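J.: So that we are looking at the same thing, I have put the structure below in structure tokens.
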Amino acid sequence: MWSIAVGTAFWQVNNPLHSGAMLRQQKEYAVEQKNVVRGFLSSDNVAPLQEFDRRTHRFPHFDLTLKLLRDPDVQPYLPPSLSTDARKGPLSRLASEVPMTWIIWMGIGVCLLLFGALRTSIPSSGASAKDGMRQGS
């Protein structure tokens, strides 16, 4: 009975008729937030950022957010969508290069699985001697 109730609740929460409007609103907030932050970085005008935060409460620690956005040491690490010159920072470059190494990680994983399978399927010499002693008794 419990699984039916959980399944029904899960279906209702994920029903596009109910969640579609919420997801569209969240996407609109994200696009607006990106534009407001980009505008703040280019003009240092706090008013649009404050108005957006007042309406949406997207910056729970507004003063800290301002401090970080104004910090020149943080700005190179912002994503290209927020930087004023759309240049990739070191984290963005790393984030785009790491997925290209998936084949290497997949190969290492397969080798480790094979090594583990071979190691457990071949009995060690000590184990076979003990098994022989048990069978002879």
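J.: For Gly89, what residues show an amide H to amide H distance below 5 Å, using hydrogens built from the backbone and excluding near sequence neighbours?
T.: none
J.: List, in order, the whole-Hz ³J(HN,Hα) value for each residue of the range 48-53 obtained from phi through the Karplus relation with A = 6.51, B = -1.76, C = 1.60 and θ = phi - 60°; use x for Gly and Pro.
T.: x, 5, 5, 5, 5, 5
J.: In the P(r) worked out for the chain, what percent of Cα pairs fall beyond 22 Å? Before the final figure, lay out each step's value.
T.: Working: 6322 of 9316 pairs.
Of all Cα-Cα distances in the chain, 68 percent exceed 22 Å.
J.: Relative to the longest principal Cα axis of the chain, at what angle does helix 125-136 sit, 0 to 90 degrees, rounded to 10?
T.: Tilt of helix 125-136: around 50 degrees.
J.: Averaging sequence separations of C-alpha pairs under 8 Å and six or more residues apart, then dividing by the length of the chain, give the relative contact order as a whole percent. Walk me through the numbers before you get to the answer.
T.: Numbers: 50 pairs, mean separation 19.2, N = 137.
This gives 14 percent for the chain.
J.: Let me ask something else. The range 72-103: which trypsin sites (Lys or Arg not before Pro) are DSSP loop and have at most 12 other beta-carbon atoms within 10 angstrom?
T.: Those that pass, being in a loop and sparsely packed, are Arg87.
J.: Here is a further query. Add -39500 (n - 2.57) for each DSSP H run of 4 or more in the chain, then divide by its residues: what number comes out at 222 nm, to the nearest 500 deg cm²/dmol?
T.: It comes out at -24000 deg cm²/dmol, rounded to the nearest 500.
J.: Most mobile of Ala95, Ala21, Ala86 per a Gaussian network model of the chain (Cα springs, under 10 Å)?
T.: Looking only at Ala95, Ala21, Ala86, the biggest GNM fluctuation is shown by Ala21.
J.: Pull out the extension gain between Glu32 and Arg55, defined as 0.36 nm times the separation in residues minus the alpha carbon to alpha carbon distance; nm, one decimal.
T.: Details: separation 23, 0.36 × 23 = 8.28 nm, distance 1.16 nm.
Contour length minus Cα-Cα distance gives 7.1 nm.
J.: Rounded to the nearest 10 Å², what accessible area does Ile4 have for a 1.4 Å probe in the complete protein model?
T.: 110 Å²
J.: Across all directions of projection, what mean area in square nanometres is found for the Cα convex hull of the range 1-50?
T.: Numbers: hull surface 18.8 nm².
With the hull built on Cα positions only, its mean projection is 4.7 nm².
J.: Additional query: Kindly give Rg over Rh for the range 75-123, based on alpha-carbon atoms, with the Kirkwood expression for the hydrodynamic radius. Mind showing how you got there, number by number?
T.: Values: Rg = 19.3 Å, Rh = 13.6 Å.
Dividing the radius of gyration by the Kirkwood radius yields 1.42.
J.: If you don't mind, another one. Going from most exposed to least, what order do Ser3, Ser19 have by accessible area with a 1.4 Å probe?
T.: These residues rank, largest area first, as Ser3, Ser19.
The values are calculated or read from the model by the stated rules, or taken from the named source; none is laboratory data. Please read these numbers as outputs of a predicted model, since none were measured by experiment. Every residue, glycine among them, receives a Cβ derived from its backbone with ideal geometry; neighbour counts consider all protein chains shown. Protein only, heavy atoms only, side chains kept; ligands, DNA and RNA dropped before computing areas. Shrake-Rupley method; radii C 1.70, N 1.55, O 1.52, S 1.80 Å.
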